[in-house]
Structures are given as C-alpha cells and as structure tokens.
Amino acid sequence: MTDSARQRPLGRRQQFCSQCGHGLRVEIPAGDYQLRYTCNACATVHYENPKLVVGCVPVHEGRILLCKRAIEPRLGFWTLPAGFMELGESMSQGAARETLEEACAEVVIEDLLASVNVLSAGQVHVFFRAALPEPLFAAGAESLEVRLVAPKDIPWGELAFTSNRIALEQYLLQRSAGRHFVWTGNSI
Ligand SMILES: [Zn+2]
C-alpha cells in the first residue's frame, strides 16, 4: 500500500505532540518522501523507525536454552532469550542482558547468527550464537519455565516467533554443515 492510500504513517497512531502537547497532523514534510506526524505549533517531525530486538542461541553441551514466555505476546510459547535493545548498550551486551533477565543465565556471546527483518512489526531481530559455560539457569520474571533442550526435542510447533524458528534452524543447519555465516532475510 502506498502512503497516500494509507493516509497515515506506518507504526503506532499518534495524536498529540510529545514536545508541546499540540494536536498532530499527517503530512509529507518538505524534502521528505513519506507521511509523518508533524506538529504545527513547534515544528517537530515525529519520525518513527524500526526497533532492534537482540537475542541469542545459548548452548551447553549441544543442548539449547529455551524460555517459556510468561508475558504477552505469545504467552506460554517457547522463545530464545531476546528483547528490545536498550540505549547505552551494544547488541551483544543486550543479548547477554536479556538472557540474564529471562533465564537467569550467564552466557558468553559469540558470533552473529541471523538478522531478521520483521516488517509487519517494524522490528529487526538479531541473534548471536552463545555459550552457556555452566548449566545454571532459572525462570526470570518474564518466563514460566526455562529448559535446556536437545535439538530433537525443540518444540517447533510451540515457538513464539518466526524469527526464533529461523535462528534455531540456522544454528542447527550451520552446526551440521560445520561452517558459520550470517543469515539475513525477511519474516512476516
Ligand atoms: Zn509540538
């Protein structure tokens, strides 16, 4: 769909200016090429850009650490430890932090495994390979349960997100092929 057919920018609906509280309008600003929320009163253009989600495939003696989600979206489904990157941290720091938060596990982040454009959500999901040196883990606040699973026991039908499936498939495929590369592509 084109911007003119859509009548409003992609992303969340915005009504009021976060700078001055004035009502926002939708227009293509001078020199731009797509619709934005703009404020007439203070001239702020409210750009909205994709968000980065960082995570990892933590591995201990061939088994992979998975978390069962205790929160929406996809409550009760299994996920790799991952979450929104915070300001002031690197991607690998974010992936390690999320693993500590969701699985109470200390991982060593290794190389980049997959970068998945999740166009429908306005997100990019980036996954690293990671080592879990000790099999120490527990359910963090956002998890119902955390488990080390052998590849044959991965609950493929109960994964929370397509990007998780891609990361797990790539991890296993590359492990059996004996070579590492970064998978890049889109997911809905
Ligand atoms: Zn304003």
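Things worth noting here:
- Arg36 vs. criteria surrounded by 14 or more Cβ atoms within 10 Å (Cβ to Cβ), of a type outside the set (Ser, Thr, Tyr) and on the phi > 0 side of the Ramachandran plot: no
- Here the stretch 1-30 is the region considered, the condition is being at pLDDT 95 or above and among the small types (Gly, Ala, Ser), and the residue that is nearest to Val118 (Cα to Cα) is Ser18.
- Yes/no for Leu100 being surrounded by fewer than 22 Cβ atoms within 10 Å (Cβ to Cβ) and farther than 25 Å from Val149 by Cβ: no
- Residue check, Glu89 assigned to a strand (DSSP E or B), surrounded by fewer than 21 Cβ atoms within 10 Å (Cβ to Cβ) and on the phi < 0 side of the Ramachandran plot: no
- Condition met for Cys39 (modelled with pLDDT of 95 or more, in contact with a Leu (Cβ under 7 Å, 6 or more places away or on another chain), within 16 Å of the ligand (Cβ to nearest atom) and not assigned by TED's automatic domain parsing to the domain that holds Thr162): yes
- Among the residues of the stretch 42-55, those identified as more than 15 Å from the ligand (Cβ to nearest atom) and either of a type outside the set (A, V, I, L, M) or crowded, with 18+ Cβ neighbours inside 10 Å (or both) are Glu48, Asn49, Pro50, Lys51, Val53, Val54, Gly55.
- Within the stretch 71-81, the presence of at least one residue that is in a strand (DSSP E or B), over 23 Å from His180 (Cα atoms) and in contact (Cβ under 8 Å) with a residue 40 or more places away in the chain is confirmed.
- Hits in the stretch 128-162 - residues which are loosely packed, with under 12 Cβ neighbours inside 10 Å, of a type in the set (Gly, Ala, Ser) and within 24 Å of Ala114 (Cα to Cα): Ala150, Gly157
- Considering (1) within 16 Å of the ligand (Cβ to nearest atom); (2) free of Cβ contacts under 8 Å to residues at least 24 places away in the same chain, the lone condition that Arg13 does not fulfil carries the number (1).
- Elements of type strands (runs of 3 or more DSSP E) in the stretch 1-63, at least 2 residues being more than 30 Å from Ser92 (Cβ to Cβ): 25-27, 36-38
- Residue in the stretch 84-96 that is more than 19 Å from Gln123 (Cβ to Cβ), in the same structural domain as Arg147 (by TED's automatic domain parsing) and in contact (Cβ under 8 Å) with a residue 24 or more places away in the chain present: yes
The values are calculated or read from the model by the stated rules, or taken from the named source; none is laboratory data. Small disclaimer: the values here were computed from a predicted structure and weren't measured. We place every Cβ from the backbone using ideal geometry, glycine too, and count neighbours over all the protein chains shown.
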